[in-house]
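The values are calculated or read from the model by the stated rules, or taken from the named source; none is laboratory data. Everything quoted here is computed from the prediction, not taken from an experiment. Heads up, the Cβs are rebuilt from the backbone with ideal geometry, glycines too, and the neighbour counts pull from every protein chain shown.
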Amino acid sequence: MQIIVNSKPHELPEKASVADLIEHLKLGEKKVAVEVNTELVTKTEWKAHLLRNGDKVEVVTFVGGG
């Protein structure tokens with residue numbers, strides 16, 4: 001299936017979850033926030049939230065500093 005992540009197309013297997021997407025993007029250890037179709041998906045929901053063909057996902061990484 002194809003989804004859009006931060007305005008760029010990505011191919012994922014059918015029934016991929018948000019957790020699968022984070023692994024695909026190699027962001028596992030980083031602190032990130034995820035929206036799917038403008039709805040926030042909390043980290044506790046990542047494994048259960050299945051993505052669908054055409055979903056628009058925004059992934060924001062947090063950067064420390066001052």
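Pairs linking a residue in segment 30-44 that is farther than 15 Å from residue 3 by Cα and among the aliphatic types (A, V, I, L, M) to a residue that is modelled with pLDDT of 95 or more and not in a strand (DSSP E or B), with Cβ atoms under 7 Å and 6 or more positions apart or on different chains, are 32/22; 41/18; 41/49. Residue 26 passes every criterion in (1) over 12 Å from the mean Cα position of the chain (by Cα); (2) assigned to a loop (DSSP other than H, G, I, E, B) apart from (1).
For segment 46-66, the set of residues classified as in a loop (DSSP other than H, G, I, E, B), exposed (fewer than 11 other Cβ atoms within 10 Å of the Cβ) and not aliphatic (A, V, I, L, M) consists of 53, 54, 62, 64, 65, 66, listed by residue number. Candidates in segment 5-45 are the residues that are touching a His at 6+ places or on another chain (Cβ under 8 Å), surrounded by 16 or more Cβ atoms within 10 Å (Cβ to Cβ) and not hydrophobic (A, V, I, L, M, F, W, C); of these, the one that is farthest from residue 56 (Cα to Cα) is 17.
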